[in-house]
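Below: the structure, in structure tokens.
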């Protein structure tokens, strides 16, 4: 089983890697170069803060875009190209297909994050700065994006890529607004709005938990206990989304 998962993951990684990395790195590098030149009027301390802020924001933004547009096509592409049929005719379970595709997408995502992080560190190196807290923030970004990928893979088992992208982005935005949903659930006068807000707050993952870039840029401590808590939180949701995806895909006619 492990061997089959690795083969599926490797194939998904090879397919995805051909499409994404060059363009992403080019855009990311241009953003860094352009932002560095635009910050020439700031003091050295302000430049360093702004470069870190823009860099971390760029890593999360491009990582999110890669995740959504890659995750929404991992399984539908196999169905559209009809390559899913010879795959399922082999001794491969449908659950293994879902897990293998997710692992391949995860490898691609982490590889992209690694390369973008290298560019980020090189730019900081030109300023003779190294911020270990920024690496902690990027690590939590990776957990956030792996969770987002699991969500996209879950939707890809039963909806079209377009609906998948819209649904994934909707839940992502709602997860970023989790604190607002909690406030709305406690303060809204309309009963329906109050219960809907509380429902989304309690059911949807809180993606804001993983964003500690502000603390990293401002040199605020990021406790290891907080990182561990968020890692467990993220992987719990990943497990749930993948299990649901496996159940749905196992019952789907393709």
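Overall, the anisotropy analysis places region 153-254 in the oblate class: the square-rooted eigenvalues a ≥ b ≥ c of its C-alpha gyration tensor yield a/c not less than 1.5, with a/b not exceeding b/c. Descending by average beta-carbon neighbour count within 10 Å, the peptides 157-163, 212-218, 42-48 line up as 212-218, 157-163, 42-48, the highest first. Each part reduced to its alpha carbon centroid, region 64-78 and region 158-218 end up 21 Å apart.
None of the figures in this text is laboratory data; all of them are computed from the coordinates on show. Being a predicted model, the structure only gives us computed values, none of them experimental. As a convention, Cβ positions derive from the backbone with ideal geometry for all residues, glycine included, and neighbour counts pool all protein chains shown.
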